[in-house]
Amino acid sequence: MIDSSLTELRAALDTGKTTSVELATLFLDRIERLNPDLNAFITIDRERALREAAAADARIARKDAGPLTGIPLAHKDVFCTEGVLTTCGSKMLANFVSPYDAHVVGKLRNAGVVMLGKTNMDEFAMGSSNENSHFGATKNPWDVTRIPGGSSGGSAAAVAARMVPLATGTDTGGSVRQPAAMTGVTGIKPTYGTVSRYGMIAYASSFDQAGVFAASAEDCAPVLSAMCGFDPRDSTSLERPGEDYGREIARTPTDPEKPLAGLRIGLPVEFFGEGLANDVRAAIEAALDAYRKLGATTVEVALPNAKLAIPAYYVLAPAEASTNLSRFDGVRYGHRAAEYTDLDDMYRKSRGEGFGAEVQRRILIGTYVLSHGYYDAYYLKAQKLRRLIASDFAHAFEACDVIAGPVSPTTAWKLGAKTDDPVQMYLSDIYTIAINLAGVPGVSLPCGFGADAMPVGLQLVGNHFDEARLLDVAHRYQQVTDWHRRRPEIAA
Amino acid sequence: MSLSLDEVRNIASLARIDLSDADAEATRDKLNGIFGLIEQMQAVDTDGVEPMSHPQETAQRLRDDRVTEGDRRDDFQRIAPQTEAGLYLVPRVIE
């Protein structure tokens, strides 16, 4: 049951082979056994999970079940959950129990999922390695001396170790795709604005987007379908109806031998240049060969401004973060310093004690680039670069349907290897950040292993609102390969 | 560009973050490294390029001017560090 797909779990629940309470218990027991080694969860709520599972069983018994009813899931701790701790990986919110549910949490609860707990993450989703959590680093299930990727590393590690079959994440500069790649699971970040950000603790509002982790693209589809749709409570939520993201997967191809005949895959020269590790390159090339066998053709495309994505991102995202995080001042919620002399001193001490070093750094960068005299040189300049980068994608999609490339230049590195060098850490996101600047959707799917036996992820990028096709393209590859079925030893 | 220690202290003050002298020093070194990376932007000619603030370029949506939430003051004040008689308590600001 641990390795079952969502379809198999659904069938087992609907035919009475198992119950939601049994499933929840099975996965909760695994979480409690594996979490001391992996630290993938911040909060585990057995009592609540079993209560939700019993309610799901009642729904299934009265034939009122949807695709996700009774299926266990974990939420990244960035999503507010009513009555359950929501820490965002920070000392600032170490005791914060939200009075309301995030949109994503509410939608999935209505769909009948059973929340087993909240997963570990880089503080306020700022990081590429999951080492910035106030609750300690999450470990990679493939090698516990290595990082799982960030900032949704807890969710990715939890799915990789089969502590839970599904998990949510958020992706501001690659935080779903990069940990998915580094832990050997499938992860999708949809088009910006597709999923409401209501109740998702904000880092950088024009980038943050909720996503999904699962073992396969086929399993990601119904979760994303349940999460999406217009929400008037989020002013950046797009006024579009919900979608069935599994519709392309469900289609029967005209030629089963060449199900992707006619698909044009664009390969940006900038994603295959200097800096890409040879073992990662080899795995990506092999995946592209598999796609050619499935009938797709590959064409060279150019993203000439992609190299500017990291500098532009590290102006724009911290600028938005410095504004968003100003709400944490020790007045209405969150950490308040024990001793202070006046109101200003209370703000300074509460924020100095409550935020970790990386969060403080990004707030300082944001404060600086928005300050008088520097706004034009940094913030406005970065916004102009954002347009150039977005235009590159628009031009590329005139020549291709999907863009493919690596997720990360290397496999998961050793814990602590880059913690003293933020610039090196930032550069590890070189293939993911441009996608967030343009707001287009991206998927990471397992496509092999590096020389160190760590997973490698293939990134597929689509034009705006092309999630159904992206998941289909990933699914066709997963029908002829088994990388997504490989499990780390710890998950046995 | 290189930030001085005084500039780092000034930014921290604007951001309302208490930084010890040792932290300010370490932060300065890391910020200078990051700004070294950011400076690459300046080499690009962006004259005539329209700034982009939203990936879909949609305008901010306005909602009807009507109450959509109920009164949940107690729920929200329950998680506050200090409250009294339905008010958030902060240090005295007017003598």
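At a 1.4 Å probe radius, which order do A:HIS464, A:HIS335 fall into by accessible area, largest first? Display every interim value, and only then the final one.
Values: A:HIS464 65, A:HIS335 40 Å².
Putting A:HIS464, A:HIS335 in descending order of accessible area: A:HIS464, A:HIS335.
Please identify the longest segment of chain A free of exposed GluC sites (Glu not before Pro), where exposed means a DSSP state other than H, G, I, E or B and no more than 12 other Cβ atoms within 10 Å.
Numbers: sites that count: A:GLU239, A:GLU257, A:GLU274, A:GLU339.
No qualifying site falls inside A:1-238, the longest such stretch.
Two-decimal Rg/Rh of segment A:45-138 from alpha-carbon positions, Kirkwood Rh?
Numbers: Rg = 14.6 Å, Rh = 14.0 Å.
Result for segment A:45-138 is an Rg/Rh of 1.04.
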| said: To test your reading of the geometry: what angle, between 0 and 90 degrees and rounded to tens, separates the Cα axis of helix B:21-38 from the longest principal axis of chain B? | reply: 60
| field | Degrees separating the helix B:5-14 axis from the principal Cα axis of chain B, which is the longest one | value | 30
| Along the principal axes of its C-alpha atoms, what lengths does chain A span, in descending order and rounded to whole Å? | 72, 54, 45
| said: Quick check for you: with a 1.4 Å probe and neighbouring chains kept, what is the accessible area per residue of segment A:240-376, in Å²? | reply: 44
| request: Over all alpha-carbon pairs in segment A:129-214, figure out the percentage whose distance exceeds 20 Å. | output: 28
| note | For segment A:162-279 (alpha-carbon point model, no solvent) the Debye-based log₁₀ I(q)/I(0) at q = 0.10, 0.14, 0.21 Å⁻¹ works out to -0.40, -0.76, -1.24
| remark: Any lysines whose Cα falls less than 20 Å from that of B:LYS30, other than same-chain ones fewer than 8 residues away, would be A:LYS418
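At a 1.4 Å probe radius, carbon and sulfur cover how many percent of the accessible area of chain B? Display every interim value, and only then the final one.
Numbers: 2960 of 6570 Å².
Using a 1.4 Å probe with all protein chains present, chain B comes out at 45 percent carbon and sulfur.
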| query | Which values, in whole Å and largest first, are the semi-axes of the equivalent ellipsoid of segment A:415-489 obtained as the square root of 5 times each eigenvalue of the Cα gyration tensor? | reply | 25, 21, 7
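At 25 °C and a viscosity of 0.890 mPa s, what translational diffusion coefficient does Stokes-Einstein give for segment A:238-355, taking Rh as the Kirkwood radius over Cα pairs? Give it in µm²/s as a whole number.
Details: Rh = 20.0 Å.
Diffusion coefficient, whole number: 122 µm²/s.
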| note | Over 28 Å (Cα to Cα) among A:LYS107/A:LYS189; A:LYS349/A:LYS381; A:LYS118/A:LYS307 -> A:LYS349/A:LYS381; A:LYS118/A:LYS307
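For segment A:335-441, what does the alpha-carbon gyration tensor say about shape, rounded, prolate or oblate, given a ≥ b ≥ c as the root eigenvalues, a/c under 1.5 as rounded, and a/b over b/c as prolate?
Oblate is the answer for segment A:335-441, as a/c is 1.5 or above yet b/c matches or exceeds a/b.
So how do B:ARG63, B:ARG9 rank on accessible area, 1.4 Å probe, biggest first, that is with the largest at the start? Write out the running numbers ahead of the final one.
Working: B:ARG63 165, B:ARG9 95 Å².
Solvent-accessible surface, decreasing: B:ARG63, B:ARG9.
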| remark: Listed by chain and number, the aspartates and glutamates with an alpha carbon less than 18 angstrom from that of A:LYS63, same-chain partners under 8 positions apart left out, are A:GLU8, A:ASP14, A:GLU52
| remark: About its Cα centre, segment A:262-342 carries a charge dipole, from +1 on Lys and Arg Cβ atoms and -1 on Asp and Glu Cβ atoms, whose size in debye to the nearest 20 is 320
| query | Per 5 Å bin, what is the whole-percent P(r) computed from every C-alpha pair distance within segment A:306-379? | reply | 3, 17, 22, 21, 16, 11, 7, 3, 1, 0
| request: With a ≥ b ≥ c taken as the square roots of the eigenvalues of the C-alpha gyration tensor of segment A:83-171, please select rounded if a/c is under 1.5 and otherwise prolate if a/b is larger than b/c or oblate if it is not? | output: oblate
| What's the average, rounded to a whole number, of partner chain beta-carbon atoms within 10 Å of each residue's beta-carbon in A:359-368? | 6
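Once Rh for chain B is found with the Kirkwood sum over Cα pairs, what is the Stokes-Einstein diffusion coefficient at 4 °C and 1.567 mPa s, in µm²/s?
D = 67 µm²/s.
For A:GLU32 and A:ARG59, what does the FRET efficiency come to when R0 = 30 Å and r is the distance between their Cβ atoms, rounded to the nearest 0.05?
Working: r = 26 Å, r/R0 = 0.87.
Taking R0 as 30 Å, the efficiency between A:GLU32 and A:ARG59 is 0.70.
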| Along chain A, longest interval not containing exposed trypsin sites (Lys or Arg not before Pro), exposed being DSSP loop plus at most 10 other Cβ atoms within 10 Å | A:64-492
| Cα gyration tensor shape for segment A:174-225, rounded if a/c is under 1.5, else prolate or oblate | oblate
| query | Shielding of A:351-357 by partners, i.e. mean partner chain Cβ atoms within 10 Å per residue? | reply | 3
| If a helix is a whole DSSP H run, which ones in chain A reach 27 Å or further along their own axis (Cα) and hold a mean Kyte-Doolittle hydropathy of at least -0.5? | A:381-399
| remark: In Å, the C-alpha Rg and Dmax of segment A:92-245 are 14.5, 44
| message | Nearest 100 Å² is fine: what is the total accessible surface buried where chains B and A meet, probe 1.4 Å? | response | 5400
| request: Any chance you could check segment B:59-91 for residues losing 20 Å² or more of accessible area when the partner protein chains are in, compared with the chain on its own (1.4 Å probe)? | output: B:GLN60, B:ARG61, B:GLU69, B:ARG72, B:PHE76, B:ILE79, B:PRO81, B:GLN82, B:TYR88, B:VAL90, B:PRO91
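The values are calculated or read from the model by the stated rules, or taken from the named source; none is laboratory data. All figures in this text were calculated on a predicted structure; none of them were measured in a lab. So basically every Cβ, Gly included, is an ideal-geometry build from the backbone, and we count neighbours across all protein chains shown. Note: accessible area is taken over every heavy atom of the protein model, side chains too, but ligands, DNA and RNA are not part of it. Shrake-Rupley method; radii C 1.70, N 1.55, O 1.52, S 1.80 Å.
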